[in-house]
Amino acid sequence: MSQWPMVKLGDVCRPVSNRGDKDDLEVYSVTKHNGFVLSSEYFKKQVFSKNTKNYKICERDDFAYATIHLDEGSIGFSPERCLISPMYTVFRPDYTKVDKTYLLYLLKSERSIAQYSILGSGSVERRKSIKFNDLAKLQFPLPPLDEQRRIAEILKRSSQQISNARQKLDHLLMISLNTMDAHFTAEAVAGDRGWSQIGDFVISTQYGTSKKANEPQGIPVLRMGNITYEGELDLKDLKYVELDELERKKFNLKNGDILFNRTNSPELVGKTTVYDSQSEMTFAGYLVRVRTSEDARPEYISGFLNSSYGKAYLRNQAKSIVGMANINAKEFLKIPIPSANESEQGVFSSLYIHCRSQINLVRKKITLLEELHQSLATRAFAGQL
């Protein structure tokens, strides 16, 4: 138990709601990992309204959080006077009582996030709205300012290690993409290699289970969110489904299976990965399991579909209905792919597997660093650091 006095957030912070159309102010967004970021730099296209008269004005060091995404850690403090969307809630700490970095780490800690679902209001937990009047009830230990700054510095160093590892991951993902693009450039695929169809390399396809996922009973079920845009398998957020023996056999996954995301937004439809896990898993209905023949390399097919050339083809071929795009299993098998013999596929496959192994090592490092950071935060806010 902490030896420090417990206070409520409302004791050291107050809500702020200044609005106005200020042409000279930059528009920021508040993100999970990076806090305040310039919207014009963070997003590939403008996501904020041209009419900003209802946008909120943040002064330097004001806090803001995504009112319906606080449980994901989308909170930060402003680096300058700026504008943010009305979807955010703004509050201003009393910096004679609390250090901004200490407060930020506390509000992003597992201890605090666990309480947000209780404080929020709404029928769907993930979309619960947390108004400042509710957040103001959050209680936390408040040591003297010098101690707050000491704790903040320790957690800041830990966060920097995570940030460095994420930058390395981004770099490796870019190398992986460049490797695929170098092999599948428009010039290369338009050369004298000839064309095949993906179906020439495939022995079977299977749509995933339509059973509703639950937690924590059953076996892990991979959903479209478990395949990244870059073609990696992300196992962080797993749901579970209960299947009988026949269903488990029908919807099983083997290492080397291709998973293809047949339905998603127009930008994300066609996400593809090669399954590789030591655990038993199944897959959901928005995915297609593809098994290749013995003389084919699934990495070659996945690499092509994850290349810039392959993604452009998928975007052009997808059928869009009410904001969603679809490519069914029959259409998948007809996708043209540059012809390659077993040896040529093997060369690409080796590069693909090497890139992926390096990426997985960094992902594991990030997971360990995040666990260490949370452990430090738990001890820090309990007065044990």
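For the stretch 234-262, filtered to residues that are in a strand (DSSP E or B) and open to solvent by 40 Å² or more (accessible area, probe 1.4 Å), the residue that is nearest to LYS319 (Cα to Cα) is LYS239.
For GLY225, state whether it is more than 16 Å from SER307 (Cα to Cα) and either of a type in the set (Gly, Ala, Ser) or part of a strand (DSSP E or B) (or both). It is true that GLY225 is more than 16 Å from SER307 (Cα to Cα) and either of a type in the set (Gly, Ala, Ser) or part of a strand (DSSP E or B) (or both). Residues in the stretch 70-85 that are within 13 Å of SER129 (Cβ to Cβ) and surrounded by fewer than 20 Cβ atoms within 10 Å (Cβ to Cβ): there are none.
Pairs meeting the criteria (first residue in the stretch 314-325 and in a loop (DSSP other than H, G, I, E, B), second residue hydrophobic (A, V, I, L, M, F, W, C), beta carbons under 8 Å, at least 6 apart or on different chains) are ALA318/VAL269; ALA318/ALA325; ALA318/ILE327. Can you work out which of the residues in the stretch 286-306 that are under 21 Å from the mean Cα position of the chain (by Cα) and farther than 17 Å from SER176 by Cα is modelled with the lowest pLDDT? Across the stretch 286-306, the extreme among qualifying residues is TYR286.
Is there a residue being more than 12 Å from GLU110 (Cβ to Cβ) and among the β-branched types (Val, Ile, Thr) anywhere in the stretch 368-383? No: zero hits. Has the stretch 146-159 got at least one residue that is open to solvent by 20 Å² or more (accessible area, probe 1.4 Å) and farther than 18 Å from THR378 by Cα? Taking every residue of the stretch 146-159 in turn, at least one turns out to be open to solvent by 20 Å² or more (accessible area, probe 1.4 Å) and farther than 18 Å from THR378 by Cα.
Listed by first and then second residue, the pairs with beta-carbon distance under 6 Å, at least 6 apart or on different chains, first residue in the stretch 67-92 and assigned to a loop (DSSP other than H, G, I, E, B), second surrounded by fewer than 19 Cβ atoms within 10 Å (Cβ to Cβ) and β-branched (Val, Ile, Thr), form an empty list. Looking at GLN317, GLN278, just one residue is within 16 Å of LEU253 (Cβ to Cβ) and either of a type in the set (Gly, Ala, Ser) or open to solvent by 60 Å² or more (accessible area, probe 1.4 Å) (or both), and that residue is GLN278.
Here SER357 clears all of (1) loosely packed, with under 13 Cβ neighbours inside 10 Å; (2) farther than 18 Å from GLY256 by Cβ; (3) within 22 Å of the chain's Cα centre (by Cα) except the condition numbered (2).
Of the numbered criteria (1) without any contact (Cβ under 8 Å) to a residue 40 or more places away in the chain; (2) touching a Phe, Trp or Tyr at 6+ places or on another chain (Cβ under 8 Å), the one ASP146 fails is (2).
Checking the stretch 360-375 against the condition returns a match, with at least one residue being among the hydroxyl-bearing types (Ser, Thr, Tyr) and either within 20 Å of the chain's Cα centre (by Cα) or open to solvent by 70 Å² or more (accessible area, probe 1.4 Å) (or both). Counting only residues that are open to solvent by 90 Å² or more (accessible area, probe 1.4 Å) and over 17 Å from ASN261 (Cα atoms), the stretch 194-210 holds 3 of them.
Against the condition crowded, with 18+ Cβ neighbours inside 10 Å, of a type outside the set (Val, Ile, Thr) and modelled with pLDDT under 90, how does TYR88 come out, does it pass? When the stated conditions are applied, TYR88 does not pass them.
Hey, any hits in the stretch 337-345 for a residue that's at pLDDT 90 or above, over 30 Å from GLN148 (Cα atoms), hydrophobic (A, V, I, L, M, F, W, C) and touching a Lys or Arg at 6+ places or on another chain (Cβ under 6 Å)? The answer is no; no qualifying residue exists. Of the residues making up the stretch 263-301, those that are under 19 Å from VAL347 (Cβ atoms), assigned to a loop (DSSP other than H, G, I, E, B) and in contact (Cβ under 8 Å) with a residue 40 or more places away in the chain are SER293, ASP295, ALA296, ARG297. Once the stretch 376-385 is narrowed to residues that are more than 22 Å from ARG166 (Cβ to Cβ) and open to solvent by 30 Å² or more (accessible area, probe 1.4 Å), the residue that is modelled with the lowest pLDDT is LEU385. Restricting GLU230, GLU215, GLU299 to residues that are open to solvent by 10 Å² or more (accessible area, probe 1.4 Å), closer than 20 Å to SER357 by Cβ and in contact with a Phe, Trp or Tyr (Cβ under 7 Å, 6 or more places away or on another chain) narrows the list to GLU299.
The values are calculated or read from the model by the stated rules, or taken from the named source; none is laboratory data. This structure is a prediction, so every number in the text was calculated from the model and none was measured. So basically every Cβ, Gly included, is an ideal-geometry build from the backbone, and we count neighbours across all protein chains shown. Remember, those area values only see protein heavy atoms, side chains included, never the ligands or the DNA or RNA. Shrake-Rupley method; radii C 1.70, N 1.55, O 1.52, S 1.80 Å.
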